[in-house]
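For reference, the structure discussed in these notes is given below.
The values are calculated or read from the model by the stated rules, or taken from the named source; none is laboratory data. None of the values given here were measured: they were computed from a predicted structure. Please note: Cβ atoms are built from the backbone with ideal geometry, for glycine as well, and neighbour counts cover all protein chains shown.
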Amino acid sequence: MSNQPPIDIVLDGATHSIGAGTTGTTLFADAREVVAMKVDGEPWDLDRAVPAGAVVEPITLDSEDGLNILRHSATHVMAQAVQELFPDVNLGIGPFITDGFYYDFGGIDAVTPELLREIEKRMKRIVKEGQAFRRRDITEAEGRAELADQPYKLELITTKGAGAESASVEVGAGGLTMYDNVRRDGTVAWKDLCRGPHLPSTRLIGNGFALTRSSAAYWKGDQNGDSLQRIYGTAWASKDDLKAYQTRMAEAVRRDHRRLGAELDLFSFPEEIGPGLVVFHPKGGILRHEIEQYVIDRHIQAGYDLVHTPEISKGGLFHTSGHLPYYADTMFPPMLADEERDAEGNITKPARSTTSRL
């Protein structure tokens, strides 16, 4: 038993006295739905000791923070499965994203649907094993020694993640931390440089996850950088939530305007005109007219007046709006107006204004 005096924390809006060194695991022992905690607004692992004076909040699996932690934990499991299949793989970065997660891998061939199924199968085995996520602080020297065969991780340690897409999941302020995936017999199954937090156990990932697709990527998002393979997945608090998400995605594909536009002969995007530039066919033209007329009628009914502004203007207007100093590279180039030349082509009257187009 600790001889240290108790400390005060704030939980559920009230002050509580707890033993010094008490972890979130102990604090929320009777609340099995809690998978992590917020300490002064920052998500923490449950096995960390709560500091004196902290404001502590529980994080449940179905909350926004809980889903982010679930997805990042699933990312580690996916990377572990990939490295089991390809021991020499170069590990990149694996953040959680909206509705899912991804991880980048170097030194492997393009990922096939068959490989996705094999990785997912291995993930399910790791989840079922109930490996514990264990956090530990490390020095830069320790990190370089442990990750000596991982060039991207070594670069992140050296640069503190500068210039690397989503590197904040692995390095940042407050030192370096490593997460071990620990089997029940105490052996380390896998490890990764990471800031966390994670779920207490892979078992809490459950069966509400699936790998969705893969794509090519570049290290640090730079086309001049190494070519990588990015594997995407999704994870939810329950299998029912996963199925609901998959249904939504299937419905979105079914209603995709690009597919419907082609099937119904409404519009097309001819390559000779340019990417993203639409040509409305007769039926599409009528549909567009009806939509525009509806919008105009509703505005008039609501008491709005209609005005029309030029599609080009003097460049000074875009200085006033703040666009030109920051977005000139993505705007149409300026045009010189009112310039006069003689028969030989010499300028006799310089342009009086510069116009710019968005």
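Of note:
- Evaluated against (1) in a loop (DSSP other than H, G, I, E, B); (2) modelled with pLDDT under 85, Gly303 falls short on exactly one condition, (2).
- Of all residues making up segment 112-164, the number that are surrounded by fewer than 13 Cβ atoms within 10 Å (Cβ to Cβ) and hydrophobic (A, V, I, L, M, F, W, C): 4
- Residues located in segment 6-33, provided they are β-branched (Val, Ile, Thr) and touching a residue at least 24 places away in the same chain (Cβ under 8 Å): Ile7, Ile9, Val10, Ile18, Thr22, Thr23, Thr25
- Against the numbered list (1) touching a residue at least 40 places away in the same chain (Cβ under 8 Å); (2) surrounded by fewer than 17 Cβ atoms within 10 Å (Cβ to Cβ); (3) part of a helix (DSSP H, G or I); (4) of a type in the set (A, V, I, L, M), Ala216 comes up short only at (3).
- Qualifying residue in segment 80-97 (condition: surrounded by 18 or more Cβ atoms within 10 Å (Cβ to Cβ), of a type in the set (A, V, I, L, M) and at pLDDT below 95): yes
- Count of segment 51-105 residues which are in a loop (DSSP other than H, G, I, E, B), within 30 Å of Ala29 (Cβ to Cβ) and small (Gly, Ala, Ser): 4
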